[in-house]
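Please treat every number below as a calculation from the coordinates, not as lab data. Fair warning: this is a prediction, and the values are worked out from it, not measured in the lab. No Cβ is skipped: glycine too gets one built from the backbone with ideal geometry, and neighbour counts run over all protein chains shown.
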Amino acid sequence: MTSLPGARFGLSPAAIRAVDSPRERRQALAPAPQEEGIIYRVSMLILSKTAGVLKPSKRKVYGFLRSFNFHPGTLFLHKIVLGIETSCDDTAAAVVDETGNVLGEAIHSQTEVHLKTGGIIPPVAQQLHRENIQRIVQEALSASSISPSDLSAVATTIKPGLALSLGVGLSFSLQLVGQLKKPFIPIHHMEAHALTIRLTNKVEFPFLVLLISGGHCLLALVQGVSDFLLLGKSLDIAPGDMLDKVARRLSLIKHPECSTMSGGKAIEHLAKQGNRFHFDITPPLQRAKNCDFSFTGLQHLINKIIIQKEKEEAADIAAAVQHTTACHIVKRTHRAILFCKQKDLLPQNNAVLVASGGVASNFYIRRALEILTNATQCTLLCPPPRLCTDNGIMIAWNGIERLRAGMGILHDIEDIRYEPKCPLGVDISKEVEEAAIKVPRLKMNL
Ligand code: KG4
Ligand code: ZN
């Protein structure tokens, strides 16, 4: 972690990490106004000389710059990728360049619709993707003010995810690359979550990644763009799925403050008013000396508590489930860190742990992970919350990473299929279990 992508533009690492909104990111990572101003003025001069116009319009200048694949807000001639994401319940698209500039993005979230039906109904998700994909891609492209012909490639999530949802993004993308005659880069959704951190921070391989979302839960060592060692995964459901189910059992949708929040976010919100010591819950898999996770048992236990207790205790239940989830995640991650150091897969000092996926946007869980990284001389890095949940930026960025590495760029799109199930990397979880590493106790004073 030497310098961050924005450092050459005079931004402090803290300022770069703090940028969150698309506009802030764009502004923070853009060249200094005077540098851009010079390029703009030179272009104006060339245009006025060659076209004989005294003061060419902004539109003309930008059009001229685009003819060199130059985008206002970037200094050089960069590769530009359009990313499309439809693997679950978000229709998202973004245009990102090689240096990590987000040139345009758009997202349509289906969360509110699915909250009303008490979970994702795949044909409903499919229909909503169909209704929105064209507009979302158009919006991302328009916001970027680049012409589709300036794109270097189109990258789209094709695995893993809901079959009906993946299908919409894939068929739209194949049609688009056919029309534009651009290369296509198929994207693994979890690979994209894992690599997002390299857009926001300068992180070198290898690093450890913890991906916790509504559909996934895994720990992996990231050795390269497409080089993953899987250390452990959930044996049943993902933590976000469990939190969504608990939120539903607690009818959090009826709480005015939480009515539009995802289950996990609602639990985090309510837990702030609760007392986690009210219920003493032992985290799952205490005896298994591996890096696997389990959340079904916890969900059932919480269900029993909900049945026994009064509704007023919702905040305490939220606090307890959040705390137990955090402790469970920390313990498995602790073992993964010790295993990687023991096998020299990670450096002994300053190894990087990246946490991403929707559940990693939870600040209580982040604080718990920070206790772990402080105790193990590691650095915790998390993308900003809006890049932890599903988005188009991470897909476009994964496309950039693959373009730079020259991996998986397809010119022939004949045999592309989506894959609802697809493991990530080489599974070495048996080796992890055989190492049977005992994890020292950590005080979770949260
Ligand atoms: O990564 P994501 O957008 O989609 C999947 O790939 O699953 O993650 C969505 C999940 C949902 O289960 C949601 O409840 C959970 O992430 N989530 C949270 C928070 N925000 C979203 N869980 C805990 N705390 C949050 N603040
Ligand atoms: Zn996701």
| note | Where a ≥ b ≥ c are root eigenvalues of the Cα gyration tensor, a/c under 1.5 meaning rounded, otherwise prolate if a/b exceeds b/c and oblate otherwise, segment 249-403 counts as oblate
| task | Within segment 215-301, report the trypsin sites (Lys or Arg not before Pro) that DSSP leaves as loop and that have at most 13 other Cβ atoms within 10 Å. | result | K272, R287
| request: In whole angstrom, note down how far apart the Cα centers of segment 202-268 and segment 370-446 are. | output: 12
| said: Just to confirm a number: summing +1 for Lys and Arg and -1 for Asp and Glu over residues other than S294 whose beta-carbon lies under 11 angstrom from that of S294, what do you get? | reply: 0
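Filter the cross-link list K182/K265; K116/K331; K116/K289; K254/K304; K265/K341; K254/K421 down to pairs whose alpha-carbon distance in this structure exceeds 31 Å. Write down the numbers at each step before the final one.
On the way: K182/K265 39 Å; K116/K331 34 Å; K116/K289 40 Å; K254/K304 21 Å; K265/K341 33 Å; K254/K421 34 Å.
Pairs exceeding 31 Å: K182/K265; K116/K331; K116/K289; K265/K341; K254/K421.
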| task | For segment 182-195, just list the computed ³J(HN,Hα) in residue order, Karplus coefficients 6.51, -1.76 and 1.60, θ = phi - 60°, integers in Hz, with x standing in for Gly and Pro. | result | 10, x, 10, 10, x, 10, 8, 3, 6, 4, 5, 4, 5, 8
| query | Taking segment 344-446, which GluC sites (Glu not before Pro) meet the DSSP loop condition and have no more than 11 other C-beta atoms within 10 Å? | reply | E414
